[in-house]
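Heads up: the structure comes next, in C-alpha cells.
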C-alpha cells in the first residue's frame, strides 16, 4: 500500500493513472460507449470534427470516427495486454528460476535470450502472423515471445541479487527446497521490479500492436483497430489530411500513461529503498538484518535494502533492473556514480578478483 | 522502448572496470558477464576481439537462425500441395517436395539450409521461383538507407540536444529538451512519419510523399525521398539518446576528474569534449545500437506509408502466401544486420572507453 501511495505521489503519475483507467474502461466497454455504429456507413464522408452530429467527424465511407476509436480500443489494448502476458509467462518465471540453474544452463539461457533480442520484432511478427492461420494470435505470440527476454533478464538480475542473501543461505542450510525459497523469499521481492518492466513493456506492446494493425496483421477490416484506422487514413491523406491525429492521439495517450506509470512505480520503489536505507543507522535494525526472521517485515525490508543499497550485491543490479527503458528514466540520472560508488556492483568486484 | 541492457550480444565477454561511465554496464540487468566462473574463464581468454566475436556473435547467430528455421519448419503446411492446386496428384506433390528437399529429416534440412545460408544462398521462392537472395539484395538498400538516415538523425539531434541540456542543466533549453523528448518517446514513430507527410508533402509540398530513386541514379533525388521517412523514424531514437546522454553527462560533469581538469586549467570545451562526453557517450551509443532492431521494423512500416518497394513489402507478401524461403531469408538478412550493428557498436564502445580497451 505504501508503494502504491508513493507511486502516485506526483500529479503527473496521477493523471497517467486516470488516463490509463479511462483507456481500460473504454477497452472493456468500448462498443457500448460508442455513440454510433462503428461499421455503419453514412452519407457525410470526411465530415469535419463536430459537424453533423459526429464529434470527431467521419471517415472515407462516412463511419463515425469516435465510435470506431472507442470500439477499436478493445482489440488494440487487449492484444497488447495479451502480448505482455505471454512475455511475462515465458520470461519472468524462467528468469527467476535461472538464477538457481547450473552454469551451463545459465550460459545457454543467456545466449538464447541474446539470440531472441537479435530478432527485429516487427519483421518477426510479420513472419509469424503470416505463418499462423489466425493472424491475431500469431502477432500476439510473436511480440510476446520477443518481450520475454526483457522479463527474463530483469527477473534474473533481481533474483541474483537476493539469491545469495544470508537468509536464503540459511534457508538452504535448513533444508528448504528451491521451490520453497523462490515462493517464500524471492517472488515477492522480485515482483515490484517486474511490475515496472510490465508497465514499460505494455507501453511498447501498445505501439507494436498499433504497428501490426497498421500493416494489416491481426484484426481484419472492417472491424476497427487504432493501427488499422491509421492505415486507412494514410490512403486518404489527400482528402482528409488531419484524420490521423485522432488514432495517433489514442495510441500515444495509452503508451504515455503506461510509461508514466512505470516512471512513478520506479520512483516509488526508489523512494522506498531510500527510506529503508535510513533504517540501517538504527543498531537494532542492523541486528535484525543480521539475524533475519522470515516473518519479521522489518527484517524483510532490511534484506531488500541489502540488495538495494551499496552492498557487494549492490546498487547496480537493483537500480538498473528497476530501470529497464533507456527512455524511461529522464528524472533519474542514470550514468556514472548516480547511485553509489561506480563499479561497486557485484560484477565489478568479481572482475577484480 | 527497449531495455537498457547496454551490452549487445558479444559485449558480454568483456570485463568492465570501475570507470566513471561504467556502472551501467557493471551492474546492468544481466549481461552474460554476471555470473559464473565458467564465463569468467571464457572472458579471460577473450581478450582478443576475434575470440569475443566467436564466443558472442557466433552462438547468437546460430541460435537465432535455428529459431527461425524451427519456427518456419513447424508452421509450414505442405507448400507443394498449395502450389500445385487441388487437382495435383500425390505423385506430383511428392516430386515437388523432393525437389525442394522437404522429404528429408529435420536436421538434414536444417544443416543444408544453414550451409547454403552461410554462403549467401537463401534458396528459391516456392511460388515465384526467383532467388530469395537476389530479391533481398535488391530491396535491402532501401531499408538500410532509411535505417542509416534514422541513425544519423538520432546521433546528431540526440547528442546535440543531450549535450546542451546537460551543460545548461536546469535552464530553459534543458526543460524544453526534456519535455520534447518525453513526448517524442511515447509517440509511435510511424505516426510521426504520417504527420510529416501531412506537413511537408501534402500541406507545404516541399518533399515527395512517396516513391524511391536509387542513390546511384540521382543522389539529390535520393536524399529528397529518403529524408522524410528516415528523419521521422530517427526522431524517437534521438529522444532516447538525448535523455540517456543528458543523464550520464550530468553525472559525468560532477565527477572528480572533471573538477580535477578544471583545477588544472583546461578549457571548458576541452573538459566537455575530451573528458566528460567521452565517458558519458557510451550509454547513448549503446542506446542507438539497441534501437537497430526497432528501426528496421520502423523502416518496414515506413515502406508501407511511403510506398517503397523494400524488404517489408517482400516479407508481407511472402508471409501472406506462406512462402517459407522468403520468410526465412528476410529474417536471416535482418538478423545479420542486427548482429553486424552490434559488432560495430561494441567496437566503438571499446575504442571509446579505456577501461574496456584495456581488457
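The values are calculated or read from the model by the stated rules, or taken from the named source; none is laboratory data. Worth saying up front: this structure is predicted, and the values here are computed from it rather than measured. Cβ: placed from backbone, ideal geometry, glycine included. Neighbour counts: every protein chain shown.
Of the residues examined, residue A:201 is not one that is in contact with a helix residue (DSSP H, G or I) (Cβ under 7 Å, 6 or more places away or on another chain), at the interface with chain B (Cβ under 8 Å from one of its Cβ atoms), crowded, with 24+ Cβ neighbours inside 10 Å and touching a residue at least 60 places away in the same chain (Cβ under 8 Å).
State yes or no: is residue B:154 in contact (Cβ under 8 Å) with a residue 12 or more places away in the chain and under 30 Å from residue B:217 (Cβ atoms)? When the stated conditions are applied, residue B:154 passes them. Among the residues of the stretch B:312-323, those that are under 23 Å from residue B:291 (Cα atoms) and more than 8 Å from chain A (Cβ to nearest Cβ) comprise B:313, B:314. Is it the case, given these coordinates, that residue B:226 is within 23 Å of the chain's Cα centre (by Cα), more than 14 Å from residue B:162 (Cα to Cα) and in a helix (DSSP H, G or I)? So residue B:226 fits the description; yes. Restrict the check to the stretch B:265-287 and report whether at least one residue is out of contact with any helix residue (DSSP H, G or I) (no Cβ under 9 Å at 6 or more places or on another chain) and at the interface with chain A (Cβ under 8 Å from one of its Cβ atoms). No: zero hits. The residues of the stretch A:205-243 that are in a helix (DSSP H, G or I), closer than 24 Å to residue A:150 by Cβ and touching a residue at least 60 places away in the same chain (Cβ under 8 Å), listed by number, are A:205, A:206, A:208, A:209, A:210, A:211, A:212, A:213, A:226, A:227. Considering each residue of the stretch A:190-198 in turn, at least one proves to be in contact with a helix residue (DSSP H, G or I) (Cβ under 8 Å, 6 or more places away or on another chain), under 22 Å from residue A:263 (Cα atoms), at the interface with chain B (Cβ under 10 Å from one of its Cβ atoms) and buried (at least 21 other Cβ atoms within 10 Å of the Cβ).
Determine whether residue B:291 is within 11 Å of chain A (Cβ to nearest Cβ), surrounded by fewer than 19 Cβ atoms within 10 Å (Cβ to Cβ) and either modelled with pLDDT of 85 or more or under 20 Å from residue A:130 (Cβ atoms) (or both). It is false that residue B:291 is within 11 Å of chain A (Cβ to nearest Cβ), surrounded by fewer than 19 Cβ atoms within 10 Å (Cβ to Cβ) and either modelled with pLDDT of 85 or more or under 20 Å from residue A:130 (Cβ atoms) (or both). Out of the stretch B:212-258, which residues are touching a helix residue (DSSP H, G or I) at 6+ places or on another chain (Cβ under 7 Å), surrounded by fewer than 16 Cβ atoms within 10 Å (Cβ to Cβ) and within 14 Å of chain A (Cβ to nearest Cβ)? Listed by number, the list holds a single entry, B:257.
So that you can scan it fast, the table gives a plain yes or no per residue for (1) closer than 30 Å to residue B:301 by Cα; (2) buried (at least 24 other Cβ atoms within 10 Å of the Cβ); (3) more than 9 Å from chain B (Cβ to nearest Cβ):
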{"position": "A:104", "(1), (2), (3)": "no, no, no"}
{"position": "A:143", "(1), (2), (3)": "yes, yes, yes"}
{"position": "A:157", "(1), (2), (3)": "no, yes, no"}
{"position": "A:165", "(1), (2), (3)": "no, no, yes"}
{"position": "A:175", "(1), (2), (3)": "no, no, yes"}
{"position": "A:179", "(1), (2), (3)": "no, no, yes"}
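Does at least one position in the stretch B:214-222 carry a residue that is part of a helix (DSSP H, G or I) and within 17 Å of residue B:309 (Cα to Cα)? Yes, there is a match, as at least one residue in the stretch B:214-222 is part of a helix (DSSP H, G or I) and within 17 Å of residue B:309 (Cα to Cα). Quick check on this structure: which one of B:209, B:201, B:182 is part of a loop (DSSP other than H, G, I, E, B), buried (at least 18 other Cβ atoms within 10 Å of the Cβ), within 13 Å of another protein chain (Cβ to nearest Cβ) and touching a helix residue (DSSP H, G or I) at 6+ places or on another chain (Cβ under 8 Å)? Selected residue: B:209, the only one of B:209, B:201, B:182 that is part of a loop (DSSP other than H, G, I, E, B), buried (at least 18 other Cβ atoms within 10 Å of the Cβ), within 13 Å of another protein chain (Cβ to nearest Cβ) and touching a helix residue (DSSP H, G or I) at 6+ places or on another chain (Cβ under 8 Å).
Residue B:301 fulfils the conditions (1) under 25 Å from residue B:128 (Cα atoms); (2) more than 9 Å from chain A (Cβ to nearest Cβ); (3) buried (at least 18 other Cβ atoms within 10 Å of the Cβ) except for a single criterion, (2). Taken as a whole, the stretch B:324-335 holds at least one residue that is touching a residue at least 60 places away in the same chain (Cβ under 8 Å), more than 7 Å from every other protein chain (Cβ to nearest Cβ), part of a helix (DSSP H, G or I) and under 23 Å from residue B:237 (Cα atoms). Are any of the residues in the stretch A:124-131 assigned to a helix (DSSP H, G or I) and farther than 23 Å from residue B:337 by Cβ? No; the residues of the stretch A:124-131 include none that is assigned to a helix (DSSP H, G or I) and farther than 23 Å from residue B:337 by Cβ. Number of residues in the stretch A:206-220 that are more than 11 Å from chain B (Cβ to nearest Cβ) and touching a helix residue (DSSP H, G or I) at 6+ places or on another chain (Cβ under 6 Å): the value is 2. For the stretch B:306-323, give me each residue that is surrounded by fewer than 19 Cβ atoms within 10 Å (Cβ to Cβ) and part of a helix (DSSP H, G or I). If the condition is that a residue be surrounded by fewer than 19 Cβ atoms within 10 Å (Cβ to Cβ) and part of a helix (DSSP H, G or I), then B:313, B:317, B:320 are the ones that fit.
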